[in-house]
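Chemist: Structure provided below as structure tokens; questions to follow.
The values are calculated or read from the model by the stated rules, or taken from the named source; none is laboratory data. What you see is a predicted model, and the numbers here were worked out from it, not measured in a lab. Glycine gets a Cβ as well: all are built from the backbone with ideal geometry, and neighbour counts include every protein chain shown.
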Amino acid sequence: MKRSIIILLVYLISTTAFPNGYKEYLEKGDSLYVKFKLDDAYKNYKLAYDLNPDDYFVLSKITRVCNDLGEYYYELHDEDKSEKVVYEAVEYAEEFHNLYPDSARVYTFLAWSYGNQALFEGGNEKVKLAHKIKNNAGEAIRRDSTDFFAYIILSIYNRQVASLSWFERLFAETFFGDVPDASLEDSEKYMLKALEIKPGIVIAAFHLSLTYREMDNEEKEIEWLKKVIKLPERDFRDKFAKRKAKKRLEELLD
């Protein structure tokens, strides 16, 4: 409660100190974001950031939209644009952490940003980032056990690390250092927890199907793929997840 009051006071002071544009850019960015107009939302959040770079809400929103854009471009196979904006997300996330180290959201956004960064890194840096992802997502949950997004991140992390072959793990540990522990059972547990906290998340349901695929549990995989297709779209990622789910289901039922 005390933290929420402090954040609210920061917002009120900021909007008073920067009346000409700051609040307008922030609200415009929000209105564009909910319509999935991510590029335009980013431009407005960036204008708000330029006016008030230390504001909690601006740092939160610009970190979020940079990660969103990175994932959007990645889905479109535009890796150059994706990489550029993902590294920008990492910079904002680290700045966010430096200014607001007591906020649970900061650690979720750090884990998220490092997870996206790992897409563009080599083996040595990937191992370092794996530790950062696990530690920051875990810290987010320790600070706020209702943060469904942190559970999603931990689930995906566990699936990706646990799915390494023995050779890949041996190679990584030999040349790049200790690979953190992970398991498919934990991947399942964390994603089910995320869906318990916030039911109906398409991307969570889709990633749970991927975990069951790695577990060779075809019955469960099909069950969750069908759920993905039936769930309503609420996020820009959902159309991509639904498309992949439909294709995979056709392969399984053919």
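Chemist: Could you pull out the residue among Ala245, Ala194 that is over 18 Å from Leu154 (Cβ atoms) and either more than 17 Å from the chain's Cα centre (by Cα) or crowded, with 21+ Cβ neighbours inside 10 Å (or both)?
Modeler: Exactly one of Ala245, Ala194 is over 18 Å from Leu154 (Cβ atoms) and either more than 17 Å from the chain's Cα centre (by Cα) or crowded, with 21+ Cβ neighbours inside 10 Å (or both), namely Ala245.
Chemist: Under the condition of being part of a helix (DSSP H, G or I) and in contact (Cβ under 8 Å) with a residue 60 or more places away in the chain, which residue from the stretch 222-243 is farthest from Asp68 (Cα to Cα)?
Modeler: As a first pass, look at the stretch 222-243 and keep what is part of a helix (DSSP H, G or I): 222-230, 237-243.
Of the ones still in play, those that are also in contact (Cβ under 8 Å) with a residue 60 or more places away in the chain are 237, 240.
Details: Arg237: 9, Phe240: 13 Å.
Ranking the qualifying residues of the stretch 222-243, first place goes to Phe240.
Chemist: Here is a further query. In this structure, is Asp102 touching a residue at least 60 places away in the same chain (Cβ under 8 Å), more than 21 Å from Arg234 (Cβ to Cβ) and among the charged types (D, E, K, R)? First the steps, then the outcome.
Modeler: On the way: touching a residue at least 60 places away in the same chain (Cβ under 8 Å): yes; more than 21 Å from Arg234 (Cβ to Cβ): yes; among the charged types (D, E, K, R): yes.
When the stated conditions are applied, Asp102 passes them.
Chemist: Tell me, yes or no, whether the stretch 97-109 has at least one residue that is surrounded by fewer than 21 Cβ atoms within 10 Å (Cβ to Cβ) and within 20 Å of Ile152 (Cβ to Cβ).
Modeler: Yes, the stretch 97-109 has at least one match.
Chemist: Contact list please: Cβ distance under 6 Å, first residue in the stretch 32-49 and among the acidic types (Asp, Glu), second residue surrounded by fewer than 22 Cβ atoms within 10 Å (Cβ to Cβ) and assigned to a helix (DSSP H, G or I), pairs at least six apart or on different chains.
Modeler: Correct list of pairs: Asp40/Leu32.
Chemist: Any idea which residue in the stretch 197-216 is nearest to Asp147 (Cα to Cα), counting only those that are surrounded by 24 or more Cβ atoms within 10 Å (Cβ to Cβ) and of a type in the set (Gly, Ala, Ser)?
Modeler: It comes out as Ala204.
Chemist: Exactly one condition in (1) in contact (Cβ under 8 Å) with a residue 24 or more places away in the chain; (2) under 27 Å from Asp181 (Cβ atoms); (3) of a type outside the set (Ser, Thr, Tyr) is not met by Arg64; state its number.
Modeler: Exception for Arg64: condition (2).
Chemist: Now for a different question. Which residues, counting only those in the stretch 114-137, are surrounded by 15 or more Cβ atoms within 10 Å (Cβ to Cβ) and either over 14 Å from Val161 (Cβ atoms) or aliphatic (A, V, I, L, M) (or both)?
Modeler: Asn116, Gln117, Ala118, Leu119, Phe120, Val127, Leu129, Ala130, Ile133, Asn136, Ala137
Per-residue answers, yes or no, for (1) modelled with pLDDT of 95 or more; (2) within 22 Å of Ala140 (Cβ to Cβ); (3) among the aliphatic types (A, V, I, L, M):
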{"residue": "Gly21", "(1), (2), (3)": "no, no, no"}
{"residue": "Tyr33", "(1), (2), (3)": "yes, yes, no"}
{"residue": "Cys66", "(1), (2), (3)": "yes, yes, no"}
{"residue": "Glu71", "(1), (2), (3)": "yes, yes, no"}
{"residue": "Lys84", "(1), (2), (3)": "yes, no, no"}
{"residue": "Tyr87", "(1), (2), (3)": "yes, yes, no"}
{"residue": "Tyr92", "(1), (2), (3)": "yes, yes, no"}
{"residue": "Ala111", "(1), (2), (3)": "yes, yes, yes"}
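Chemist: A follow-up question, please. Quick one: which helices (runs of 4 or more DSSP H) lie wholly within the stretch 150-219 and hold at least 2 residues that are aliphatic (A, V, I, L, M) and at pLDDT 95 or above?
Modeler: By residue number, 184-197, 202-214.
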